[in-house]
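K.L.:
Have a look at this one.
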Amino acid sequence: MDTDVFLRFNDIVRSLRDEYDTRILRRLRDITKPHERKVTTSIPELDRLLEIGGLPRGEVIEFSAAPTSGVMSLAWMLVADAQRRHEAVAYIDYGLCFDADFAAGCDVALEKLTIVRPTVASAALSIAATLAGYGNVSVVVIDSAELLHQECDPLTFEHSLRRLQATLHKSRTTALFLSTVSPAGVLPFASAVHLRLDRQRWLRRRGDIAGVQSRVTVERNKFGRSGGGLSLQFWFPEERW
Amino acid sequence: MIACVRFPFFPASIEERDDPTLKRQPLVLGGQAWQRASVYSMSQGAALDGVRLGLSLRRAQLLSPDAAFNPPFPKHYNDVSGQLLERMQDWTERIEPTSAQPAILYYADFERDKLPQATLLAREIGRTIQHESGLSPSIGLAEGKFSAMLAAKSARVGHVLPLDHHGRLGFLQQHPLRTLTLPQKLTARLNLFGIGTLGEYAALPAADIAQQFGSAGMTLYRLAHGDDPRPVVTPKRPEHLDWSHQFVEPVVNRQILRRVMQQAAGKFAEQLRASLSNARGLQLTVETESHQTLVQQESFSEPVRAARHILFFLTAALDRMTPVDGVDSLTIKLNTIAPIQPRQLSLFDDHILTAEKLDGTLEQLAERYGRKTFVKAKPIRPNSRLFERRYGWEEYGELLA
C-alpha cells in the first residue's frame, strides 16, 4: 500500500475508534473464536486435564489449598503466561499478603501488574467487576476468597458475586479466587472450575526444601469431567532454596 | 532514504523512565560513588558536569557532587534495545542497530520512499516508540548513513530532522572535523593547515587530498561531501542454532528438563531477535544414562521466534519421547533460519489499547476508592539479603506522574 494512503487510512481508523468505540473496527483475526475463550495455565498436562485446553474465560475460577501447597505458584504461572501475551492482569490483595519477591521469581512482570489493596470487602468484588467490564483485563486474581467471604455481609457478598459473574460473562476476563486456608473452597456453586491442591511431599535439593509436589484435583468443571487429577511439582525461585 | 533513530543517554533514560524521581538530579550509572568502578553510563545532566564514560566513580562524584549513583543493569538495557528493534521491524526489515555509547542508534532503510513519505514514516516511528516505550528518540533522515547520523545528533529529542539532497551540504559544512573518525596523524596534519570543519575539508581539491592523504583521506572527503555509499547492514543471520546441556547426574524429573529447555528457548529467542530471523524447525536429541539416543524433529507450521513458542514445540517433542532411564544430556538444534517477513503496520495494536483502557478505568476507580488502593510493586533494593526490603510500593498518582 502506498505510504500516503496507508497513513491517511491509519488516521481515519483512529478517529473512528476515538469517536465511537475501539471495538467498532477490528481485524478479522482478532474476533474471538470459540477455542480462544480460554486462558492456558502454561502446564500442558493441566490444560489437557481441563479438556478445553485451559481455564475458561468469562468465568469464576477457584483454586483452593492448604497453605504451602503451590497454589500461589500456580496462580503466578497463569499470570506470567498472560503477561507474555501482552494481556493486562490485576491482583486484588485483600489479605495484604502480596510477596513481590516471590512473584518476580515466578517470572511475573511486576511493572505490568496492577495491585489493588481495598480496605472494604465489598469494594474488592466491585473493583474486580469494574476492571473486568471496562478495564480490558485478562485475569483478575482475588486473594483471598475466604477472607472476603468472612468479612462481607452474606447478602452483599452474594449480590457482588452475581454482579461479577454477569460482567464476566460479557467480557473475556477470568476471575481467579484463591482460598489458601480452607481446601474445600468457599465458592462451591459460583465457580465454573474449582481446582483443589493437596501437598504430597516437599522437594529437596542438597538437603534444603526447594519445592513442593502437590496433587491437583478438578473438584468442579462446567466444561468437562470433574474428579480427575494429576501430580505437579512446583520449584521455588532459586534464591529461596 | 535512511533514517537514523538515536536514543541519547540510553541506559540513563531507561533508569529515569523506570524511576521518574531520578530525573530531578544528574545520574551516573556504574555503582555507588565509593566503589572502585568506572562510569558505565550517565545522564545528560551528568555529562554537562563533565562526567565521561570510563571515568572512575570517585572522580565522577567530584565533578558532579549532586549526582545520584546507581548500579547498571546491562541485561535490562539489552532487553529494551531488543524490544525497540523488534518494534521498528514493523516498518522495515532493513535495520542496523549500532551502539555509540552512551547513545544507541538504529539505521532504518526506506529505500523506496522519497523524503516527504520517509519523514511521515519517521514521525510515525518516533510517536509509536515514545508512546509504547516511554523513550524519546531524535531522528535524522538523509540519503546516507553519515548525514542521517549527524542529523539525528542535531535534532531535538522527540523531533525528526530531514535533510534533502541540496540542503545536506550546507548542513554538513558547519560540523567540526572530529565528527569524522580520522586517524590521529591525519588530524594533526589538518590542524597544521588550519582546517577545522567539514566544510573547509570538503572545499580542498580532490586531487590534492588523494595525493596527500591517500585512499583513507578520499573516503572521508566523500563523507564530508555527503556521499556515503555504505548500505544499512542487517545483522548476519546464522544457518542454524545449537544448544546443549550436560547434566551432572541423570535426570528423570520432566519438570527439571522443562526448566532447562525454558532457558534454552529464552537464549534461542534472544539470538533470533538479534539476527532478525525466524526458525522453521527444531531437532531435540536426548542421551540417556544407558547410552540410548532419542531424536525427535519438529517442523513449525508458521515461522517461530518467541521463547514460549519454541518451548511449546520442545515440550511437545519431549512428550513424544519415552526414555527408559535418566537423561544425561539434551541437545537442541534450531534449523531453517529464515528472515522475518515484514508485517502489516500495527493499526490495531491491542496491548496499547488495553493499557490505555486500563489506565482510564484505574483513573476512575482511584477517584472513587482513593489512590492508595491502586499500587504497583517497584524494586527498591534488588540486592538486599532480606526479601521484604527488596520491593516497595508505587501509588497510582505517582504512576501517572
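K.L.:
Could you work out the per residue convex hull volume over the alpha carbons of segment A:94-241, in cubic angstrom?
P.N.:
Given the Cα convex hull of segment A:94-241, per-residue volume reads 124 Å³.
K.L.:
Let me ask something else. Whole Å is fine, so just give me how far the alpha carbon centre of segment B:49-127 lies from that of segment A:173-228.
P.N.:
Measuring centre to centre over Cα atoms gives 46 Å.
K.L.:
Would any residue of segment B:279-306 have its amide N under 15 Å from a label point 7 Å out along Cα→Cβ of B:S329? List them or say none.
P.N.:
B:284-295
K.L.:
I would also like to ask the following. Taking the Cα centre as origin and putting +1 on Lys and Arg beta-carbons and -1 on Asp and Glu beta-carbons, what dipole magnitude results for the protein assembly as shown, to the nearest 20 debye?
P.N.:
The dipole magnitude comes to about 500 debye.
K.L.:
I've got another one for you. Gaussian network model of chain A, Cα springs within a sub-10 Å range: biggest mean-square fluctuation belongs to which of A:T173, A:T156, A:T40?
P.N.:
Taking springs between Cα atoms under 10 Å, the residue moving most is A:T156.
K.L.:
Angle between the Cα long axis of helix B:307-319 and the longest principal axis of chain B, 0 to 90 degrees, nearest 10?
P.N.:
On a 0 to 90 degree scale, this one is about 30.
K.L.:
Still on this structure: I need B:E143, A:E59, B:E249 ordered by Cβ neighbour count within 10 Å, fewest first.
P.N.:
B:E249, B:E143, A:E59
K.L.:
Kindly provide the helix-only [θ] at 222 nm of the protein assembly as shown, computed as the sum of -39,500 (n - 2.57) over DSSP H runs of four or more divided by all residues, to the nearest 500 deg cm²/dmol?
P.N.:
-12000 deg cm²/dmol
K.L.:
Within segment B:314-337, whose backbone N sits under 11 Å from a point 7 Å along Cα→Cβ of B:Q292?
P.N.:
The answer is B:321-327, whose backbone nitrogens lie closer than 11 Å to the label point.
K.L.:
For a footprinting-style exposure proxy, rank B:F300, B:F9 by other Cβ within 10 Å, fewest first.
P.N.:
Fewest-to-most Cβ neighbours within 10 Å comes out as B:F300, B:F9.
K.L.:
Among B:P205, B:P72, B:P11, determine the one that fluctuates most according to a GNM of chain B built with springs between C-alpha atoms less than 10 Å apart.
P.N.:
Maximum fluctuation in the GNM of chain B, among the listed residues, is at B:P205.
K.L.:
For chain B, what ratio Rg/Rh do Cα atoms give with a Kirkwood hydrodynamic radius?
P.N.:
Dividing the radius of gyration by the Kirkwood radius yields 1.03.
K.L.:
State the extension gain, in nm to one decimal, for the chain segment bounded by B:F247 and B:D79, taking 0.36 nm per residue of separation less the distance between their alpha-carbons.
P.N.:
Answer, rounded to one decimal: 57.6 nm.
K.L.:
Could you sort B:302-309, A:140-147, B:222-229, A:10-17 so that the peptide with the highest average Cβ count within 10 Å comes first and the rest follow in order? The partial results should precede the final answer.
P.N.:
Working: B:302-309: 16.8, A:140-147: 23.6, B:222-229: 18.2, A:10-17: 12.6.
In descending order of packing, they fall as A:140-147, B:222-229, B:302-309, A:10-17.
K.L.:
Another question, if that's okay. Compute log10 of I(q)/I(0) for segment B:66-163 with the Debye formula, placing one identical point scatterer on every Cα and leaving out solvent, at q = 0.10, 0.22, 0.23 Å⁻¹, to two decimals.
P.N.:
Treating every Cα as an identical point scatterer, log10 I(q)/I(0) equals -0.28, -1.25, -1.36.
K.L.:
Report, in debye and to the nearest 20, how large the dipole of segment A:87-131 comes out about its Cα centre when Lys and Arg carry +1 and Asp and Glu carry -1 on their Cβ.
P.N.:
That gives segment A:87-131 a dipole magnitude of about 220 debye.
K.L.:
Taking R0 as 35 Å, what FRET efficiency do you get between B:M218 and B:R123 from their Cβ-Cβ distance, rounded to the nearest 0.05? Walk me through the numbers before you get to the answer.
P.N.:
Details: r = 36 Å, r/R0 = 1.03.
With R0 = 35 Å, the Cβ-Cβ based efficiency is 0.45.
K.L.:
Let me know the charge dipole size of segment B:253-330 about its Cα centre in debye, to the nearest 20, where only the beta-carbon of Lys, Arg (+1) and Asp, Glu (-1) is charged.
P.N.:
Values: 9 positive and 8 negative charges, 86 e Å.
It comes to approximately 420 debye.
K.L.:
Based only on other Cβ atoms within 10 Å, what is the fewest-to-most ordering of B:L48, B:L186, B:L358?
P.N.:
Arranged by neighbour count, lowest to highest, B:L48, B:L186, B:L358 become B:L48, B:L186, B:L358.
K.L.:
Can you tell me the orientation of helix B:254-274 relative to chain B, as the angle in degrees between its alpha-carbon axis and the longest Cα principal axis, to the nearest 10?
P.N.:
With rounding to tens, the tilt is 20 degrees.
K.L.:
Ok, one more. Before anything else, pin down the relative contact order of chain B: Cα pairs under 8 Å, at least 6 apart, normalised by residue count, whole percent. Write out the running numbers ahead of the final one.
P.N.:
Numbers: 666 pairs, mean separation 52.3, N = 401.
Computed value for chain B: 13 percent relative contact order.
K.L.:
Can I ask one more? Stokes-Einstein diffusion coefficient for segment B:135-238 at 4 °C in a medium of 1.567 mPa s, Rh from the Kirkwood formula over Cα pairs: what value in µm²/s? Walk me through the numbers on the way to the answer.
P.N.:
On the way: Rh = 14.7 Å.
The calculation lands on 88 µm²/s.
K.L.:
For peptide B:375-384, what's the mean number of Cβ atoms from other chains within 10 Å of each residue's Cβ?
P.N.:
Average per residue, whole number: 4.
K.L.:
Now a separate question. Let me check I have the definition right: for the protein assembly as shown, take the eigenvalues of the Cα gyration tensor, multiply each by 5, take square roots. What are those semi-axes in whole Å, largest first?
P.N.:
Numbers: eigenvalues 494, 172, 137 Å².
Listed largest to smallest, the semi-axes of the protein assembly as shown are 50, 29, 26 Å.
K.L.:
Highest GNM mean-square fluctuation, chain A, Cα pairs closer than 10 Å: which of A:V212, A:V120, A:V193?
P.N.:
With Cα springs under 10 Å in chain A, the top fluctuation among A:V212, A:V120, A:V193 is at A:V120.
Quick note: the coordinates plus some simple rules give every number you see, no bench work behind them. The structure presented is a predicted model; accordingly, all values stated were derived computationally and were not measured. Using ideal geometry, Cβ is built from the backbone for each residue, glycine included, and neighbour counts are taken over all protein chains shown.
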